[in-house]
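I have placed the structure first, in the form of structure tokens, so that the comments after it can refer back to it.
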Amino acid sequence: MVLGPLLEPGCAPPERVRPLGVIPDLVDLLTTVLVAAPSSTDHVAPFRSAIGALLRAQALDYFPLVHPRHPVAAAVARDAAATQRTLDRLAAQYRISQRQLLRIFVEETGLPFHQWRVRARLNPAVAHLLIGGGIPAAAMIAGYGTRTGFLRALARETGIPMADLTARPDGALRTGAVPVAS
């Protein structure tokens, strides 16, 4: 299904196209809309609002991350999530000491740099898994060279056993442990 126009004023999607896969709650809601066949604006409004709420929930990152406000740390955060460069190379590139960068990350994000970076890389991979994508592609999206390394990192960050993630990653992530900062 393709949802073209905006459902609610001021609510734009995070990107132009986002494949959602099968979302059981959305299927149920859209089936209800088809059966109810609302004909007036007053009858359509609650359905429109409910669909918007479901779609907004899909747009959220699995691991909510606070981004640093410090300009150099913010630039490092963007690069850290998108590249394989080491912390010392990133710090040297932005002419900041590793120690200062680590301190800023903990102060401004509440997470150590390494954990923040892992979660930032895992978010797009988890989104891929939640729409029914495969583990090898998710590992590649997150920048992991092996399926096992990816699953270990995901299990560590979510608290979900590797066996559950391997068997049915989308189901395990939907019903699994709530990610917490450590």
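In the set (1) within 23 Å of LEU154 (Cα to Cα); (2) under 22 Å from the mean Cα position of the chain (by Cα), ALA75 fails one condition alone, (1).
This table checks each residue for (1) modelled with pLDDT under 95; (2) in contact with a helix residue (DSSP H, G or I) (Cβ under 8 Å, 6 or more places away or on another chain); (3) more than 19 Å from ALA82 (Cβ to Cβ).
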position	(1), (2), (3)
GLN115	no, yes, no
ALA127	yes, no, no
GLY133	yes, no, yes
ALA137	yes, yes, no
ILE141	yes, yes, no
THR148	no, no, yes
PRO161	yes, yes, yes
ALA167	yes, no, yes
ALA172	yes, yes, yes
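Taken as a whole, the condition of being open to solvent by 40 Å² or more (accessible area, probe 1.4 Å) and either farther than 28 Å from LEU129 by Cβ or outside any helix (DSSP H, G or I) (or both) does not apply to PRO68. Every test in (1) open to solvent by 20 Å² or more (accessible area, probe 1.4 Å); (2) without any contact (Cβ under 8 Å) to a residue 40 or more places away in the chain is passed by LEU154 save one, and that test is (1).
The set of residues in region 78-136 that are open to solvent by 60 Å² or more (accessible area, probe 1.4 Å), assigned to a helix (DSSP H, G or I) and basic (Lys, Arg) comprises ARG78, ARG89, ARG99, ARG103.
I'd like to know if region 163-182 contains one or more residues that are touching a residue at least 60 places away in the same chain (Cβ under 8 Å), out of contact with any Leu (no Cβ under 7 Å at 6 or more places or on another chain), open to solvent by 60 Å² or more (accessible area, probe 1.4 Å) and more than 30 Å from LEU26 (Cα to Cα). Looking for residues that are touching a residue at least 60 places away in the same chain (Cβ under 8 Å), out of contact with any Leu (no Cβ under 7 Å at 6 or more places or on another chain), open to solvent by 60 Å² or more (accessible area, probe 1.4 Å) and more than 30 Å from LEU26 (Cα to Cα), one finds at least one in region 163-182, hence yes. Of the residues making up region 67-83, one or more are closer than 30 Å to ASP25 by Cβ and of a type outside the set (Phe, Trp, Tyr).
The values are calculated or read from the model by the stated rules, or taken from the named source; none is laboratory data. Small disclaimer: the values here were computed from a predicted structure and weren't measured. Ideal geometry is used to build each Cβ from the backbone, glycine not excepted, and the neighbour counts take in all protein chains shown. When the accessible area is computed, the model is the full protein with side chains, heavy atoms only, and any ligands, DNA or RNA have been set aside. Shrake-Rupley method; radii C 1.70, N 1.55, O 1.52, S 1.80 Å.
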